[in-house]
Amino acid sequence: GHIVHNWKARWFVLLQDKLLYYKFDGGRREPSPKGKIILDGCAITCPCLEYENRPLVIKLKTKSNTEYFLESCSREERDSWALDITGAIHAGHPVQVQQLHRMKNSFRLPSNISLHHVVDKMHDNSSGIKLIPNMEQGNTYKESFTGSALVDWLISGNFVASRFEAVTLASMLMEENFTMAVGARSTEAMRNGDMAEQFLDDSTALYTFAESFKKKVSSKEELHLNILELSGTIVKQGYLVKQGHKRKNWKVRRFVLRADPAFLHYYNPTKEENRPVGGFTLRGCLVSALEDNGVPAGVKGNVQGNLFKIITKNDIHYYIQASSKAERAQWIEAIKRLT
């Protein structure tokens, strides 16, 4: 927001020369846009590093120096939006768009890698990455590791097969806010390099764990949430509208579906911290589409359709709206495979 700097879910529509955004309330998009961003002369920054806890942010700076910060629900969606917006900005310069395509396609997370699993192994007292004091330009960084040390560790742990893949994975860890650059050399590379050059395989570039992922004493419940529930591989994520349990109102939530272990978590996109506001195991759950002719019992308020219901093994009922029947079918199929 421009006046109150909070985060709100908005529905975006990209046109040839502008980006429109609409208020999305009660499961419905309002007919008139709430605002627009003129793309002529716009500068785009992706990834944007100004919000430490929000690695999925795109920054747009207009010709009149107005800044917009937009957050996606996944790295893939962020990069896709950035690519399309850049294409609209440089519509008359196809060479620049082709370069962006090549850069995006050359920067991929190695298949079958769970970032949470990698970070958990990095923290292992006996076999994890060694945190030692490193000096740069007279400054000491107590618990840090070098870029080349992380690359060596990833290869020796059989997470990757080459130094190129290790740099790609290390870049992903940094992009997703598991690790962060410290010191002048690594910070400069992160700010000025393109996506494939932000992490340095170098013994003079220093890194550490991001503040929210430093190992600290936690309650058993917190450890259970961080290590078990959130350790699964993400198989699907996106924005859906969920009915609240108490007030029965509808709110936009970012849903993340994980496998091994199978959990469905949902996040409040207006909150700074990247922690789920709710979630449940999918073992023993029932999921089904709800017909659009009439409002089912248990559903209150403004409903536009495309409803589905999840019943947990503890008999808790979740009512959720998708944006289309196709999206609803995709979510139901993905959830059923994990129940």
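The values are calculated or read from the model by the stated rules, or taken from the named source; none is laboratory data. Owing to the predicted nature of the structure, the values given are computational and were not obtained by experimental measurement. With ideal geometry, Cβ positions are generated from the backbone for all residues, glycine too; neighbour counts draw on all protein chains shown. Surface accessibility is based on the protein's heavy atoms, side chains included, excluding ligands, DNA and RNA. Shrake-Rupley method; radii C 1.70, N 1.55, O 1.52, S 1.80 Å.
Provide the FRET efficiency to the nearest 0.05 for the residue 203-residue 123 pair, computing r from the beta carbons and using R0 = 22 Å. Using R0 = 22 Å, I get an efficiency of 0.50.
For the set 32, 288, 72, the ranking by accessible area, highest first and with no ligand, DNA or RNA atoms included, is 32, 288, 72 under a 1.4 Å probe. Sorting 176-187, 73-84 by average packing, meaning the other beta carbons within 10 Å per residue, from highest down gives 176-187, 73-84. Taking amide H as placed 1.01 Å from N in the peptide plane, residue 25 has its amide H under 5 Å from the amide H of 30, each at least 5 places away in sequence or on another chain.
Pairs spanning more than 22 Å between alpha-carbon atoms, out of 130/271; 34/236; 59/121; 59/236; 242/309: 130/271; 34/236; 59/121; 59/236.
Available extension along the chain between residue 36 and residue 339 is 104.9 nm, counting 0.36 nm per residue and deducting the alpha carbon span. Measuring r between the beta carbons of residue 53 and residue 291 and using R0 = 45 Å, the FRET efficiency lands at 0.65.
In this rough spin-label picture, where each label sits 7 Å from Cα along the Cβ direction, the residue 3-residue 158 distance is 6.0 nm. Here the simple spin-label model places points 7 Å from the Cα toward Cβ, and for residue 61 and residue 16 these points are separated by 2.8 nm. Protection proxy ranking for 8-15, 133-140, 249-256, using the average of other Cβ atoms within 10 Å per residue and placing the highest first: 249-256, 8-15, 133-140. Each peptide in 309-316, 168-175 receives the mean, over its residues, of other Cβ atoms within 10 Å, and ordering these scores from highest gives 168-175, 309-316.
If the Kirkwood radius is taken over C-alpha pairs of the stretch 111-154, then at 37 °C and 0.692 mPa s the Stokes-Einstein diffusion coefficient equals 281 µm²/s.
Placing a label point 7 Å from the Cα of residue 130 along the Cα-to-Cβ line, the residues of the stretch 147-164 whose backbone N sits under 19 Å from it are 147-158.
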